[in-house]
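Okay, structure first, notes after.
The values are calculated or read from the model by the stated rules, or taken from the named source; none is laboratory data. Everything quoted here is computed from the prediction, not taken from an experiment. So basically every Cβ, Gly included, is an ideal-geometry build from the backbone, and we count neighbours across all protein chains shown. What goes into the accessible areas is simple: the full protein's heavy atoms, side chains included, and nothing from ligands, DNA or RNA. Shrake-Rupley method; radii C 1.70, N 1.55, O 1.52, S 1.80 Å.
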Amino acid sequence: NYELSVNPARYDVGGDLTGRIKKEDLVPIKGVAWDDKGLIRNKQKTFFIRKDASKDWMRFFNDANANGHKFGINDGYRTLKDQEKELEKKEKSGKTYAVAEVGKSNHNAGVSLDLSFDPGERGDAAYAWLLENYTNYNLCPHTGTPTTDPNSGHNEGEIEAWHWSWDPTGSCKLEMNY
């Protein structure tokens, strides 16, 4: 059952429950994340995704795996407090990557995952597969238009290659936020 206990718009960015999704409306999703040096950072970590988004996300991971591609997960649903911590982490680091304001992230809406790719040829092939197939799973890059560079997003103004959101309309017309 992929039905939510409330109208999905209440969880979306701008809704009154953004970043406060009920536990029964979240689904665990396990991921193994690679860091930018190609080292497995976490053997396995559990993230959460909104229940209505989980069907397409799980199809994506299953189909990718069936086609020989592996994707890691670096982040999923964020509470408002989690988003606040992301902003603080960015400020302390002095880095210029983008982080949405609290309550303005599609992570707060429970529909976004930050994917990681195995560096090198395998990761490049997986990313190419993602670019060819993301519309089959109602997935959208955070800008609505994907970058062809799987390493993009670490500097200000670059499109984040790793940030993907579920859009049930398949239109990629969501307000795409980090």
For residues that are of a type outside the set (Gly, Ala, Ser), farther than 15 Å from residue 60 by Cβ and either open to solvent by 10 Å² or more (accessible area, probe 1.4 Å) or in contact with a Pro (Cβ under 6 Å, 6 or more places away or on another chain) (or both), tally how many sit in the stretch 93-117. 7
Could you tell me how many of the residues in the stretch 118-141 are open to solvent by less than 30 Å² (accessible area, probe 1.4 Å), hydrophobic (A, V, I, L, M, F, W, C) and over 20 Å from residue 167 (Cβ atoms)? 1
Please enumerate the residues belonging to the stretch 88-138 that are more than 17 Å from the chain's Cα centre (by Cα) and polar (S, T, N, Q). 93, 96
Cβ-Cβ under 8 Å pairs, at least 6 apart or on other chains, the stretch 1-15 side on the phi > 0 side of the Ramachandran plot, far side open to solvent by 90 Å² or more (accessible area, probe 1.4 Å): 14/175
List the pairs whose first member sits in the stretch 123-137 and is closer than 12 Å to residue 171 by Cα, whose second member is surrounded by fewer than 16 Cβ atoms within 10 Å (Cβ to Cβ), and whose Cβ atoms are under 6 Å apart, counting only residues at least 6 apart or on separate chains? 137/59
Give me the residue from the stretch 16-26 that is farther than 13 Å from residue 78 by Cα and touching a residue at least 12 places away in the same chain (Cβ under 8 Å) and, out of that set, most open to solvent (accessible area, probe 1.4 Å). 24
Condition test on residue 53, is it surrounded by 15 or more Cβ atoms within 10 Å (Cβ to Cβ), within 21 Å of residue 2 (Cβ to Cβ) and within 12 Å of the chain's Cα centre (by Cα)? yes
